[in-house]
Amino acid sequence: MKKWGIPIIIILLFVSCAHREPYAPVTYKNLLQKKDNVFSLWWRGKVYIKTSKGEISANIIVVAQKDPLCIRIELTNWISGTFAYGFINKKKFVFLSLKEKKAYIGELPAEIKEKYVWSLVRALPVDIDASKITFQNGKIVFISKKYKISYKDYSLKEGIVFARHISIWLNKTLNLKTEIKKAEFNKGIPSKLFEAVIPGKFQIIRYSF
């Protein structure tokens with residue numbers, strides 16, 4: 001696991017030195033009509049997850065590229081350090097639970113399209129059918145049959161707008177809230193960061209939704 005730590009530590013050191021960007025005035029409909037020019041990103045913040053099995057809060061780091069869709073997620077807390085990694089490569093995912101020493105492997109449900117996943121980590125519902133988006137009290141809300149995602153509190157980073165707060169509701173079984181504290185866009189990302197290396201002692205579990 002050590003070889004994963006160095007690039008992430010470098011990222012943390014870099015972003016911790018930067019100032020918080022100002023909030024940006026946004027006209028939501030005009031914003032979503034513009035062509036989005038983000039092809040890669042990474043951000044850090046806080047995440048709160050509530051499921052039928054319990055609740056957890058953690059620090060989160062997300063690294064992603066759009067084409068092909070590749071995402072790396074790292075969850076940490078002050079007690080145990082890094083305790084989970086998540087990887088998405090197009091429709092396939094790998095979730096490594098370090099505490100359980102288990103690797104969950106599977107594919108995303110057919111109804112969850114790659115562009116929906118990208119819009120989530122992009123922190124803005126770009127390239128989404130307008131019929132699936134509503135505007136509620138300063139929030140952009142993306143509604144599907146099985147889940148709802150809301151985006152609110154917008155900031156501007158080098159001409160790129162993104163939402164500071166993202167919330168997800170999934171069939172009353174998942175409530176996830178994320179606060180982005182620092183974001184960078186269109187930076188070069190080493191491809192090795194998206195490689196999911198499963199330790200030999202981990203139990204592999206084939207998971208389906």
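The values are calculated or read from the model by the stated rules, or taken from the named source; none is laboratory data. These numbers were taken from a predicted model, which means no experiment stands behind them. Note that each Cβ is placed from the backbone with ideal geometry, even for glycine, and that neighbours are counted across all protein chains shown. We work out accessible area using only protein heavy atoms, side chains counted, and drop any ligands, DNA or RNA first. Shrake-Rupley method; radii C 1.70, N 1.55, O 1.52, S 1.80 Å.
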| said: Restricting to the stretch 34-53, and then to whatever is of a type in the set (Lys, Arg) and in contact with a strand residue (DSSP E or B) (Cβ under 7 Å, 6 or more places away or on another chain), can you tell me which residue is surrounded by the most Cβ atoms within 10 Å (Cβ to Cβ)? | reply: Arg44
| query | If the Cβ limit is 9 Å and pairs must be 6+ apart or interchain, which residue in the stretch 181-205 that is more than 25 Å from Arg164 (Cβ to Cβ) pairs with which residue that is of a type outside the set (A, V, I, L, M, F, W, C) and loosely packed, with under 14 Cβ neighbours inside 10 Å? | reply | Lys192/Lys3; Val197/Lys3; Pro199/Lys101; Lys201/Lys101; Phe202/Glu100; Phe202/Lys101; Gln203/Glu100; Gln203/Lys101
| query | What residue, among those in the stretch 54-94 that are basic (Lys, Arg) and under 19 Å from Glu111 (Cα atoms), is least open to solvent (accessible area, probe 1.4 Å)? | reply | Lys91
| message | Taking the criterion of being free of Cβ contacts under 8 Å to residues at least 24 places away in the same chain, open to solvent by 40 Å² or more (accessible area, probe 1.4 Å), in contact with a Lys or Arg (Cβ under 9 Å, 6 or more places away or on another chain) and hydrophobic (A, V, I, L, M, F, W, C), would at least one residue in the stretch 130-147 satisfy it? | response | yes
| query | Going by the structure shown, is Lys152 basic (Lys, Arg), in contact with a strand residue (DSSP E or B) (Cβ under 8 Å, 6 or more places away or on another chain), assigned to a strand (DSSP E or B) and touching a residue at least 12 places away in the same chain (Cβ under 8 Å)? | reply | yes
| field | Given (1) closer than 22 Å to Phe142 by Cα; (2) at pLDDT 80 or above; (3) outside any strand (DSSP E or B), index of the condition Gly45 fails | value | (3)
